[in-house]
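The values are calculated or read from the model by the stated rules, or taken from the named source; none is laboratory data. Fair warning: this is a prediction, and the values are worked out from it, not measured in the lab. Every residue, glycine as well, gets a Cβ built from its backbone with ideal geometry; the counts of neighbours run over all protein chains shown.
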Amino acid sequence: MRYLRCIRPHFRGFSTTNVGIHPCQDLAGTAPFHDYYVMLHSREPPQEFPKAVSSPIQKALQLALTPSNGLVNFSWSLQQSLPPLSPSSDELYFATAFSKEGNVIEVEDLSLSNVHEAAQRITSSRSTVQACNATRPLYIYVCTHAARDCRCGDVGGSVAEAFRKEIDRRGLTSEVKLGETGHVGGHKYAANVLIYPKGEWLGHVKPEDVSNILDKVLEDHALDWNPSTTPPLLLSHWRGRMGLEKEQQLALAAAHPS
């Protein structure tokens with residue numbers, strides 16, 4: 001899929017760098033309920049996405065996964081694999097999918113002809129729960145969808161760059177997969193950061209938070225984990241967790257106030 005380039009307006013004398021950045025509060029319960037999250041690998045970064053992003057494959061896969069509480073988005077990363085360019089106009093994607101049990105499912109050659117088979121493969125992963133361990137890759141996604149909201153482009157872009165530099169500085173590029181995503185919902189909470197495979201959603205993240213967040217995420221990644229009972233990751237930034245409905249997210253945050 002080829003996206004239209006987004007041209008963002010410029011306003012003299014006004015900076016969006018600090019828009020939406022305020023003390024972290026009332027975040028718990030704002031992550032959308034989902035049992036699966038699928039990232040379709042994009043060739044273009046979200047900074048270049050138009051305001052509304054979709055494709056026939058994205059729509060078809062979302063329709064197939066909606067009964068199973070799945071969400072489908074686009075991600076971009078220098079580390080993620082892409083299908084070869086095809087001379088035809090047919091869409092073809094690689095995708096990375098996550099389930100609430102901690103499974104990571106890589107899907108190659110996703111096309112309109114095999115969307116339902118891909119959806120079945122993703123949802124059947126629930127029958128094989130994988131134990132979390134420190135040797136499995138960690139995925140960090142930052143929403144940088146500028147055309148959807150300037151806060152995601154400005155603040156999200158700065159946070160993504162801070163993560164990139166910190167991961168490089170620590171020599172963790174093999175262990176930590178950093179990506180940027182399209183709209184995740186809640187741009188007023190920018191920067192929004194999604195941590196998978198456990199599905200932790202963080203909001204109001206600033207570049208100066210990145211080092212501490214990475215410390216905590218790496219520590220948490222190696223620990224035993226239960227989606228329903230494990231304490232929130234960094235409560236001051238915690239929007240919620242994959243597999244939990246709003247009421248469950250709020251209850252978990254209330255049970256672990258510090």
Residues that are modelled with pLDDT under 95 and either farther than 26 Å from Arg136 by Cβ or among the aromatic types (Phe, Trp, Tyr) (or both): does region 68-84 have at least one? yes
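Please indicate, with yes or no, whether at least one residue in region 14-27 is at pLDDT 90 or above and surrounded by 12 or more Cβ atoms within 10 Å (Cβ to Cβ).
Within region 14-27 (the criterion being at pLDDT 90 or above and surrounded by 12 or more Cβ atoms within 10 Å (Cβ to Cβ)), the answer is yes, since at least one residue qualifies.
Across region 64-74, which residue is surrounded by the fewest Cβ atoms within 10 Å (Cβ to Cβ) among those that are without any contact (Cβ under 8 Å) to a residue 60 or more places away in the chain and among the polar types (S, T, N, Q)?
For region 64-74, the residue satisfying everything is Thr66.
Conditions (1) exposed (fewer than 15 other Cβ atoms within 10 Å of the Cβ); (2) closer than 22 Å to Lys246 by Cα, marked per residue:
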residue	(1), (2)
Ala31	no, yes
Tyr37	no, yes
His41	no, no
Ser54	yes, no
Gln62	no, yes
Trp76	no, no
Pro83	no, no
Ala95	no, no
Phe98	no, yes
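Does Pro137 fit the bill of being under 17 Å from the mean Cα position of the chain (by Cα), surrounded by fewer than 17 Cβ atoms within 10 Å (Cβ to Cβ) and in contact (Cβ under 8 Å) with a residue 40 or more places away in the chain?
Working: under 17 Å from the mean Cα position of the chain (by Cα): yes; surrounded by fewer than 17 Cβ atoms within 10 Å (Cβ to Cβ): yes; in contact (Cβ under 8 Å) with a residue 40 or more places away in the chain: yes.
Yes: the conditions hold for Pro137.
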Condition (residue is touching a helix residue (DSSP H, G or I) at 6+ places or on another chain (Cβ under 8 Å), within 30 Å of Ser54 (Cβ to Cβ) and touching a residue at least 60 places away in the same chain (Cβ under 8 Å)) applied to region 222-231: is it met by at least one residue? no
Within region 180-198, which residues are over 8 Å from the mean Cα position of the chain (by Cα) and either surrounded by 23 or more Cβ atoms within 10 Å (Cβ to Cβ) or of a type in the set (Lys, Arg) (or both)? Gly182, Lys188, Tyr189, Ala190, Ala191, Asn192, Pro197, Lys198
Please go through region 207-258 and give me each residue that is under 25 Å from Arg164 (Cβ atoms), acidic (Asp, Glu) and modelled with pLDDT under 95, ordered by number. Glu219, Asp220
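For Glu108, state whether it is in a strand (DSSP E or B), within 27 Å of Gly243 (Cα to Cα) and modelled with pLDDT under 95.
Numbers: in a strand (DSSP E or B): yes; within 27 Å of Gly243 (Cα to Cα): yes; modelled with pLDDT under 95: yes.
Judged against the criteria, Glu108 is a match.
Kindly check whether there is at least one residue in region 161-171 that is touching a Phe, Trp or Tyr at 6+ places or on another chain (Cβ under 9 Å), surrounded by 15 or more Cβ atoms within 10 Å (Cβ to Cβ) and of a type in the set (Phe, Trp, Tyr).
Within region 161-171, none of the residues are touching a Phe, Trp or Tyr at 6+ places or on another chain (Cβ under 9 Å), surrounded by 15 or more Cβ atoms within 10 Å (Cβ to Cβ) and of a type in the set (Phe, Trp, Tyr).
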Would you confirm, using the coordinates I've provided, whether Gly199 is farther than 24 Å from Glu106 by Cβ and in contact (Cβ under 8 Å) with a residue 24 or more places away in the chain? no
